[in-house]
Amino acid sequence: MLFVVFLLSAFTVSQAQNQGRKNYTLPTSDHHYRMVKDYVEDQPDSDYSHPSEEAIEAFRDIKFGVRIHWGLYSITARGGESWPFLKLSNEDKQAYQELYKTWNPTGFNAEEWMKLFSENGIRMFAFTSMHHEGFSMFDTQARVKKRVNWTAPGGPVLEDCDLAYSIMETPFKRDVVRELCDAAHKYGVKIDLYFSHPNWYNADFRPYNYHPCQIPDAKEHPELYGNAVREPYIVVPDPTPEEEARMMANHRLQLTELLTKYGKIDMIGLDQWMGKKVWPQMRQEMKDFRKIQPDVMFRARGIGNYGDYYTPEGFIPGSQENTDMPWFVIYAYGRSFSYVNNDKYKGVPWIINSLTDIVAKGGNFMLGIGPDGSGRFDPVVIQALKDAGGWLKVNGEAIYGTRAREGDLWKEGDAIRFSSQANKFLSL
């Protein structure tokens, strides 16, 4: 069934101003909120600030974007981004960690991506600068000093190393994040750089958040490390104070790089969480990051109400959310956010239905797509974006820059959705 969207009368100035921060908090049902609520204070410290109202309203205006997962996992095309790494055999884990040595995705063209997006109503993109397995898609100065050798004689062992484990150490040797950001700035597409708190390649990050290296203390005090353990894993010694300090320095450095090397960044899509033991350091990081780019919108994962937006994943809320914190539904177009051979896609009517339903409820919609190992999108995906873009050229006035109607006035029956055109905050 195809939803129909009607555009209703404009907001008054007072209505738009009331879109502010009366309840700028995460829904208590949010999974990532629940994982950190025992140690991340609900009320941020008084010396921490959220972005300006202008930045928040600009975020609410986006409505339609894409979420791009691309990394070493795109070569294997198993789907599931880097999550399957945890269940691989030791031999396959080691082989995965060596994939970067031969990866040369010459089909990647940032200009083509941004041209496609800008011509078809896609106002922002999110890109995986680093997923959980720790491979960086940008030129980072952070160094990995300890990793797992999964096929060492006698079983997996920790070994010393010295590498960035990044796209710059592949035959490709091009900073993908830089090329994407430069093209996005040229075409006026907003930028969201995804970044994983945990790093499964870097053994300094043990045992936080499903790390394949667990430690004895995590079994005794799981609450200190995020209560996140997933079989199988190996048990290794506790990190030394030096290693833990190195972990936090690495985490800080990479996020600082993303906020300083690529011009204006609109969003940072933090993912997962770390744990109670290092929250004081992370809290200070957030205060320092806010000073670098005051209007960047941080996804709330791992930082609770220090975050600025949240992302219902793989589902659409049944009604308007009972919070003033803005939100972006993220939903894979195929079976996975990352590339899968011969994937099965949900279809253009599903994109349009989802977008209209989400917008009527006051949210934004981020469509999950992933290029293959060479850096090319499936032609079926490209055509779907063009078809959705054609619909938006006709109906965009009822989508972009709108706000949800209050109460139960956002829908009529199963097929009709309403939106209200808001005066842009900057013009008030």
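Within the chain, what whole-number % of the accessible surface is contributed by carbon and sulfur, with the 1.4 Å probe and all protein chains included in the calculation? Working shown, then result.
Numbers: 8460 of 16830 Å².
Carbon plus sulfur share of accessible area: 50 percent.
Quick check for you: with a 1.4 Å probe and neighbouring chains kept, what is the accessible area per residue of segment 187-277, in Å²? Present the calculation step by step, with values, prior to reporting the outcome.
Details: 3130 Å² over 91 residues.
Heavy-atom accessible area per residue stands at 34 Å².
Under a plain spin-label model, where a point goes 7 Å from the Cα along Cα-to-Cβ, how far apart in nm are residue 414 and residue 43?
4.6
Could you work out the helix-only [θ] at 222 nm for the chain, with each DSSP H run of four or more residues adding -39,500 (n - 2.57) and the total divided by the number of residues, to the nearest 500 deg cm²/dmol?
Calculated mean residue ellipticity at 222 nm is -8500 deg cm²/dmol.
First obtain the Kirkwood hydrodynamic radius of segment 94-191 from its Cα pairs, then insert it into the Stokes-Einstein equation at 20 °C and 1.002 mPa s, and state the resulting D in µm² per second as a whole number.
Answer from the Stokes-Einstein relation: 140 µm²/s.
Kindly identify segment 359-407 as rounded, prolate or oblate by the Cα gyration tensor criterion: order the square roots of the eigenvalues as a ≥ b ≥ c, call it rounded if a/c is under 1.5, otherwise compare a/b with b/c, prolate if a/b is larger, else oblate.
Verdict is oblate for segment 359-407.
Calculate the spin-label point distance for residue 253 paired with residue 387, positioning each point 7 Å from the Cα along the beta-carbon direction, and give it in nanometres.
4.7
Assuming 0.36 nm per residue, please report the length gained on full extension of the stretch residue 149 to residue 115 beyond their Cα-Cα distance.
Fully extending the segment from residue 149 to residue 115 adds 8.0 nm.
Given all pairs of different Cα atoms, what value in angstroms does the Kirkwood hydrodynamic radius of segment 66-149 take?
Evaluated on segment 66-149, it is 14.8 Å.
What length, rounded to one decimal in nm, is gained on full extension from residue 54 through to residue 277, with 0.36 nm per residue of separation minus their alpha-carbon distance?
Values: separation 223, 0.36 × 223 = 80.28 nm, distance 3.49 nm.
Roughly 76.8 nm would be gained on extension.
The values are calculated or read from the model by the stated rules, or taken from the named source; none is laboratory data. What you see is a predicted model; the values in this text were computed from it and never measured. We place every Cβ from the backbone using ideal geometry, glycine too, and count neighbours over all the protein chains shown. Keep in mind that these areas ignore ligands, DNA and RNA; they rest on the heavy atoms of the full protein, side chains included. Shrake-Rupley method; radii C 1.70, N 1.55, O 1.52, S 1.80 Å.
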